[in-house]
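> Mind looking over this structure? Questions follow.
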Amino acid sequence: PDDPFAQANVLTFLYHCGDDVTILVSKNSGRYRLQSERWEALWLVARELVQRLTLHYGGKSPKPGGEDPLEFGFSESLLGDPGDPGPFDHYTALVDAHFAARLALQATHKQLDDLAQQFRAVQKRLLVRYKDRNATPLNELDTLLA
């Protein structure tokens, strides 16, 4: 009560990196509004809020005697004008780039596995040639292991 900034319908989370997320609760309509200056900061609080509200209400109406089910969505103001790129275009591009990088990494791992298998086959052949009493010339194959 002594703190002039304390309000019952506002909760702010401050991350260690300095980003903050604020949850505003409507007194009459039963709506929650999350806001932050950075999109990256919203996801953790939004995910936790959705999980907790779903668990608390069990998919039923948050209003006493109400028939509206529990719903989650984005405000239309987030999408902006039809010609403007939306706020999610940057993130979908990042997701696409991340997915492409994961595919490239997977292909590189496959190539590395194939080359390692070939290397082991060469090692086995050289080992057999070194153990043979009447060894045939190595033809510079031993330089592969050096």
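> Pulled fully out, how much extra length does the chain show between Tyr15 and Arg120, if you take 0.36 nm times their separation in residues and subtract their Cα-Cα distance?
Length gained, Tyr15 through Arg120: 32.8 nm.
> Can you compute 3J(HN,Hα) from phi for each residue in segment 37-48, using the Karplus curve 6.51 cos²θ - 1.76 cosθ + 1.60 with θ = phi - 60°, rounded to whole Hz and x for Gly and Pro?
Per residue, the Karplus-derived 3J(HN,Hα) values read 7, 10, 5, 4, 6, 6, 4, 5, 5, 5, 4, 5 Hz.
> Per residue of segment 106-121, in order, report the coupling 6.51 cos²θ - 1.76 cosθ + 1.60 (Karplus, θ = phi - 60°) as ³J(HN,Hα) in whole Hz, putting x for Gly and Pro.
Calculated HN-Hα couplings, in order: 5, 5, 5, 4, 5, 5, 5, 4, 5, 5, 5, 5, 5, 4, 4, 5 Hz.
> Using the Karplus curve 6.51 cos²θ - 1.76 cosθ + 1.60 with θ = phi - 60°, work out ³J(HN,Hα) for each residue of segment 15-27 in order, rounded to whole Hz, and write x for Gly and Pro.
Going residue by residue, I get 6, 4, 6, x, 6, 10, 10, 10, 9, 10, 10, 6, 6 Hz, with x marking Gly and Pro.
Quick note: the coordinates plus some simple rules give every number you see, no bench work behind them. Quick caveat, the model's predicted, so the values are computed rather than measured.
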